[in-house]
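S.K.: Following this message is one structure expressed as structure tokens.
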Amino acid sequence: QVQLVESGGGLVQPGGSLRLSCTASGSLFRLYAMGWYRQAPGKQREKVAGISSGGVTNYADSVKGRFTISRDNAENTVYLQMNSLKPEDTAVYYCNKDLRPTNPAPGLWGWGQGTQVTVSS
């Protein structure tokens, strides 16, 4: 069972930056597309960024040009660099697979605890 541990969240002013990290247990991390998701109060969880096993990225329109996803397969870690943060980016951020037919196994792993990002002055 893969375990996901997110970190790096916090309170930041509008226009600020944060870098989130997510480390996964297990030996097959490098074979999976990975994604960052967020859930704001009263809203459904949404995917904000994805990265294929080969490093090809995709972003939700709401974060394009401000967020950058990257991965370090040697460390089983995926990152989310968030710049020009806005109050509407406030949410709990999670990582998990980015659902792709090329993944070795279908479906998502169990969710981690997430990391809270609060953008407020």
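S.K.: Those residues that are farther than 16 Å from Gly26 by Cα and part of a loop (DSSP other than H, G, I, E, B), I need them from the range 108-121; list them, please.
M.R.: Initial filter on the range 108-121 (farther than 16 Å from Gly26 by Cα): 113-121.
Gln113, Gly114, Ser120, Ser121 - these are the residues of the range 108-121 that are farther than 16 Å from Gly26 by Cα and part of a loop (DSSP other than H, G, I, E, B).
Rundown of residues vs (1) crowded, with 17+ Cβ neighbours inside 10 Å; (2) out of contact with any Phe, Trp or Tyr (no Cβ under 8 Å at 6 or more places or on another chain), yes/no style:
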site: Ala33; (1), (2): yes, yes
site: Tyr37; (1), (2): yes, no
site: Ser70; (1), (2): no, no
site: Asn73; (1), (2): no, no
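S.K.: Would you confirm whether or not the range 39-56 contains a residue that is touching a residue at least 60 places away in the same chain (Cβ under 8 Å) and not aliphatic (A, V, I, L, M)?
M.R.: To start, the set of residues in the range 39-56 that are touching a residue at least 60 places away in the same chain (Cβ under 8 Å) comprises 39.
Filter once more, keeping what is not aliphatic (A, V, I, L, M): 39.
There is at least one residue in the range 39-56 that is touching a residue at least 60 places away in the same chain (Cβ under 8 Å) and not aliphatic (A, V, I, L, M).
S.K.: Next up: In the range 1-21, which residue that is part of a strand (DSSP E or B) and touching a Gly at 6+ places or on another chain (Cβ under 7 Å) is farthest from Asn83 (Cα to Cα)?
M.R.: The residue in question is Leu4.
S.K.: Also: Which of (1) open to solvent by less than 50 Å² (accessible area, probe 1.4 Å); (2) outside any strand (DSSP E or B) is the odd one out, the single condition Gly54 does not satisfy?
M.R.: Against the list (1) open to solvent by less than 50 Å² (accessible area, probe 1.4 Å); (2) outside any strand (DSSP E or B), Gly54 comes up short only on (1).
S.K.: Could you list, in sequence order, all residues of the range 59-89 that are under 27 Å from Ser25 (Cα atoms) and in contact (Cβ under 8 Å) with a residue 40 or more places away in the chain? Outline the logic, then answer.
M.R.: Here is the first cut: in the range 59-89, the residues under 27 Å from Ser25 (Cα atoms) are 59-60, 67-82.
Within the range 59-89, Asn73, Glu75, Asn76, Thr77, Val78, Tyr79, Leu80, Gln81, Met82 qualify.
S.K.: Residues being open to solvent by 40 Å² or more (accessible area, probe 1.4 Å), part of a loop (DSSP other than H, G, I, E, B) and under 13 Å from Gly35 (Cα atoms): count how many of those fall in the range 75-99.
M.R.: 1
S.K.: Six or more apart or on different chains, Cβ atoms under 8 Å: show the pairs whose first residue is in the range 8-20 and open to solvent by 60 Å² or more (accessible area, probe 1.4 Å) and whose second is aromatic (Phe, Trp, Tyr).
M.R.: Arg19/Tyr79
S.K.: Against the definition (open to solvent by 30 Å² or more (accessible area, probe 1.4 Å) and not hydrophobic (A, V, I, L, M, F, W, C)), how does Thr102 come out, yes or no?
M.R.: Considered against the rule, which asks whether it is open to solvent by 30 Å² or more (accessible area, probe 1.4 Å) and not hydrophobic (A, V, I, L, M, F, W, C), Thr102 comes out as yes.
The values are calculated or read from the model by the stated rules, or taken from the named source; none is laboratory data. Predicted model, so just to flag it, every value in this text is computed and none were measured. Reconstructed Cβ throughout: ideal geometry from the backbone, glycine too, with neighbour counts over all protein chains shown. We work out accessible area using only protein heavy atoms, side chains counted, and drop any ligands, DNA or RNA first. Shrake-Rupley method; radii C 1.70, N 1.55, O 1.52, S 1.80 Å.
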